[in-house]
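What follows is calculated from the coordinates using simple rules that are stated; it is not laboratory data. In this text, all values refer to a predicted model and were calculated from it rather than measured experimentally. FYI the Cβ positions are ideal-geometry reconstructions off the backbone, even for glycines, and counts take in every protein chain you see.
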């Protein structure tokens with residue numbers, strides 16, 4: 001009695017690692033109940049109508065699912081801002097398709113630059 005088993009230590013390590021990963025994530029989710037009288041063809045979010053079913057990405061960088069009763073959305077904003085890169089020759093551009101930043105050469109934006117570090 002009094003000693004910690006290998007299984008207990010492994011489980012504790014798993015909990016610490018999982019807690020760290022969850023803490024580092026910027027994602028969030030929410031539910032929005034549809035109000036009586038709202039359109040019967042979809043859900044309204046930020047004044048825009050989204051059809052029933054899955055929406056891979058809204059204008060607000062959310063992935064949503066719309067049903068007649070509720071809209072469920074999760075953020076896509078896992079933005080990591082580049083901070084350590086060749087600032088003389090490269091520039092940061094926000095990519096609306098991937099919801100992330102791209103590092104490109106100032107002289108030739110079709111070529112990517114190397115990023116040494118980013119912050120969340």
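Some observations on this one:
- Relative contact order [Cα under 8 Å, 6+ residues apart], segment 26-78, whole percent: 41
- Computed from label points 7 Å out along Cα-Cβ, the spacing between residue 44 and residue 83 is 4.2 nm.
- Rule-of-thumb Rg ratio for segment 26-78 [Cα; 2.2 N^0.38 Å; N residues]: 1.06
- Separation in nanometres of the label points that stand 7 Å from Cα toward Cβ, at residue 92 and residue 108: 2.5
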